[in-house]
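Asks: What follows is a single structure, and I will ask about it in a moment.
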Amino acid sequence: MLARSSTILRSIQSSARITQRSVPLLDALNRQRKDIVVRNASRSTNDPKKSRAAVFAEELKEIRSRAVQGGGKLRVEQQHKKGKLTARERISVLLDKGSFIEYDQLVQHRCIQFGMEDKTFPGDSVVTGQGTINGRLVFVFSQDFTVFGGSLSEVHALKIQKIMDKAMLVGAPVIGLNDSGGARIQEGVDSLGGYAEIFQRNVLASGVIPQLSVIMGPCAGGAVYSPAITDFIIMVQNTSHLFITGPEVVKTVTHEEVSFDELGGARPHSTVSGVAHVTCENDIDALLRTRMLFDFLPLSWKEKPPRRFTTDTRDREEPALDRIVPEDPNVPYDMNQVISRIVDDADFFEIMPAFARNIIVGFGRLEGRTIGVIGNQPTQLAGCLDIDASVKAARFVRFCDAFGLPVVTLVDVPGFMPGVAQEHGGIIRHGAKLLYAYAEATVPKLTVITRKAYGGAYDVMASKHLRGDVNLAWPSSEIAVMGAKGAVEIIFRGMPAEQQEKEVARYERLFTNPLTAARRGFIDDIIEPRQTRHRLCQELDGLYHKTLKNPRRKHGNIPL
């Protein structure tokens, strides 16, 4: 090493012209040469009997020890004071004990600008590797805020790229634990290029392997687009922030004063923007919830959904479902209660529970098999579909379809939300996303109409006309263009009120039950609510080997 450094140094010094750019390199090489001389002298003085291998082993042990320490004791203490775990502590909570295999622990950045040649940490500012969650393979990267604020350098990006490439090669999910101040400014375009390389891999991996992002600290600027492309974003309250531009820039440009939490905290992203899918109280909660979510997912699009042992058989009936829908069609009920009584052990992992609350999406199981569940929520906006609900459900349907998860849809929808704000906001375009997602999906699609299925919303919510495999209805179902009163007022406009009341009664007899749709084959069967779980389990058995392909093409053009 000494000989090689001396040779390089002499070569540069003997050059007829030393450029300004070579000065930092000369300084670095001089320091490196002196360090090597001192180390070698120290080794030979301290213990001349030690072999070269023994000396190297000690040096390697010291480097690995430095890598494990991250940015040092003081910075680790500062991390803990903020209520945050370190990068390695997070990995130890997320993965099965003793399963983590680390990659590139010895990597160091290569920047020699702005004094960076004197500031190196083994492994740089991210910990990467593979491990298992409940025995199933997963690849992980965990950004280390104690090292350069977790900023992304060229080698930081290369480490992430390596595990993403490996994950794609073997077909296993990637989980990113994000805690970074952004691009490493000292490295300039190398850092920006690193982000773009990660984005490209996020896109190529989309629909191939599940990608989960856990935001456990700052994630700002261009860095936000990697989590945005992934399948699920989990945020921690009070400590995680996602935004393109921070509060200071916002104040300068728009004169708005806003705090970090108000601008990009877990609350606004889980209730207003819809960026976050799951919100957690602290790091431990976030990591344990990530493990729970992971358990519902297949390893890749080629894998069958995971199956968990359960003692909750299909024969369990739920008499409470017979009484859950009120007699008055205008009285709401909680669709979450319906879902919990259908899935195994009342175990339902809801996605985006605080955003677009008029529709419910999440994962459950039927006899141990993972299913995606979508249901209109009558307690919120009467279960109407609006812009946010359409986008939320469409994205979820497409995820389930990409990874072979059957979709169970529980329908109680009076239509699309009317209003100027919705029309001008693009309800036509956004509502079409949900229609497109259901129509394009080739996974098993099972639909149960619990009460209202009105107008175009009936079509959109996984109807038989959109290649629904099994479409069932409860006796309380109403399948029509619209409610009886509104329909009669249009059909019999100008008719005296007394006669209209009679027509309302006639319309209700014809359309406020599912019999007409069943006679046309649009509904496969009318079942007792208590039998819903049993019937869905039976139907899933028959659809287990379903094969359906869409027409050959490069890709469709969903109305984004």
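The values are calculated or read from the model by the stated rules, or taken from the named source; none is laboratory data. Here the structure is a predicted model, which means the values were calculated and not measured. Note that each Cβ is placed from the backbone with ideal geometry, even for glycine, and that neighbours are counted across all protein chains shown. Just so you know, the surface numbers come from the protein's heavy atoms only, side chains and all, with ligands and any DNA or RNA stripped out. Shrake-Rupley method; radii C 1.70, N 1.55, O 1.52, S 1.80 Å.
Asks: If ligands, DNA and RNA are left out, what is the accessible area of Ser476 with a 1.4 Å probe, given in Å² to the nearest 10?
Replies: The value for Ser476 is about 40 Å².
Asks: Shifting gears a bit: Roll a 1.4 Å probe over the protein chains and send me the accessible area per residue for the stretch 406-514 in Å².
Replies: 43 Å²
Asks: Rank these residues by their accessible area, most exposed first, probe 1.4 Å: His555, His534, His430.
Replies: His555, His534, His430
Asks: To check you understand DSSP bridge types, tell me what percent of the beta bridges within the stretch 198-291 (both residues inside) are antiparallel, rounded to 5.
Replies: Of all bridge pairs located within the stretch 198-291, approximately 0 percent are antiparallel.
Asks: If you count, for each residue, the other Cβ atoms within 10 Å and average over each peptide, how do 170-179, 121-130 line up from highest to lowest?
Replies: 121-130, 170-179
Asks: Report, by chain and number, residues whose modeled amide H sits under 5 Å from the one on Ala183, excluding near sequence neighbours (fewer than 5 apart, same chain).
Replies: Leu152
Asks: Okay, next question. Counting only chymotrypsin sites (Phe, Trp or Tyr not before Pro) that are in a DSSP loop and have at most 16 other C-beta atoms within 10 Å, tell me the longest site-free stretch of the chain.
Replies: In short, 115-300.
Asks: Could you tell me what percent of the accessible area of the stretch 415-550 is made up of carbon and sulfur, with a 1.4 Å probe and every protein chain present?
Replies: Roughly 56 percent, rounded to a whole number.
Asks: Name the residues whose placed amide hydrogens come within less than 5 Å of the amide hydrogen of Arg110, ignoring near sequence neighbours (fewer than 5 apart) on the same chain.
Replies: The answer is Val155.
Asks: Right, another one. Answer with one residue from Ala402, Ala487, Asn238: the one whose Cα lies farthest towards the positive end of the charge dipole of the chain, charges on Cβ with Lys, Arg +1 and Asp, Glu -1.
Replies: The one lying farthest along the dipole's positive direction is Ala402.
Asks: I need the phi-derived Karplus couplings for the stretch 209-226: 6.51 cos²θ - 1.76 cosθ + 1.60, θ = phi - 60°, integer Hz, Gly and Pro marked x.
Replies: 10, x, 10, 10, 10, 10, 8, 10, x, x, 8, 10, x, x, 4, 5, 6, 5
Asks: Quick one: compute a quarter of the convex hull surface over the Cα atoms of the chain and quote it in nm².
Replies: Here the figure is 34.4 nm², rounded to one decimal.
Asks: What accessible area, in Å² to the nearest ten, does a 1.4 Å probe give for Met417?
Replies: Surface open to solvent at Met417 totals about 40 Å².
Asks: At 7 Å along Cα-to-Cβ for each site, give me the label-to-label distance between Ser340 and Asp295 in nm.
Replies: Calculated label separation equals 1.8 nm.
Asks: Accessible area, 1.4 Å probe, largest first: how do Arg520, Arg75 sort?
Replies: Largest to smallest exposure gives the sequence Arg520, Arg75.
Asks: Tell me, what is the per residue accessible area of the stretch 146-199 in Å², probe radius 1.4 Å?
Replies: 33 Å²
Asks: With a 1.4 Å probe and all protein chains kept in place, how do His424, His156 rank by accessible area, largest first?
Replies: His424, His156
Asks: Then there's this: Dipole of the chain (Lys/Arg Cβ +1, Asp/Glu Cβ -1, origin at the Cα centre): which of Gln499, Pro514, Ser273 lies farthest to the positive side?
Replies: The Cα lying farthest towards the positive end belongs to Ser273.
Asks: Given a 1.4 angstrom probe, what's the average accessible area per residue across the stretch 68-136, in square angstrom?
Replies: With all protein chains present, the stretch 68-136 gives 52 Å² per residue.
Asks: Moving to a separate point now. Please report the carbon-and-sulfur percent of the accessible area for the stretch 113-198; probe 1.4 Å, protein heavy atoms only, DNA, RNA and ligands left out.
Replies: 59 percent
Asks: A further question on this structure: Can you compute the label reach from Arg66? Point 7 Å from Cα along the Cβ direction, backbone N cut-off under 14 Å, restricted to the stretch 106-124.
Replies: Residues 106-110, 117-124 qualify, since their backbone N sits under 14 Å from the label point.
Asks: Hey, which of these cross-link pairs are over 18 Å Cα-Cα: Lys304/Lys554; Lys302/Lys549; Lys304/Lys445; Lys302/Lys546; Lys445/Lys549; Lys464/Lys546?
Replies: Pairs exceeding the cut-off: Lys304/Lys554.
Asks: Of all accessible surface on the stretch 223-341 at a 1.4 Å probe, what whole percent is carbon and sulfur?
Replies: The C+S portion of the solvent-accessible surface of the stretch 223-341 is 53 percent.
Asks: OK, next. At 1.4 Å probe size, what's the solvent-accessible area of Arg530? Round to the nearest 10 Å².
Replies: Rounded to the nearest 10, that gives 80 Å².
Asks: Taking the Cα centre of the chain as the origin, how large is its charge dipole in debye, to the nearest 20, when only Lys and Arg (+1) and Asp and Glu (-1) carry charge on their Cβ atoms?
Replies: 2460 debye
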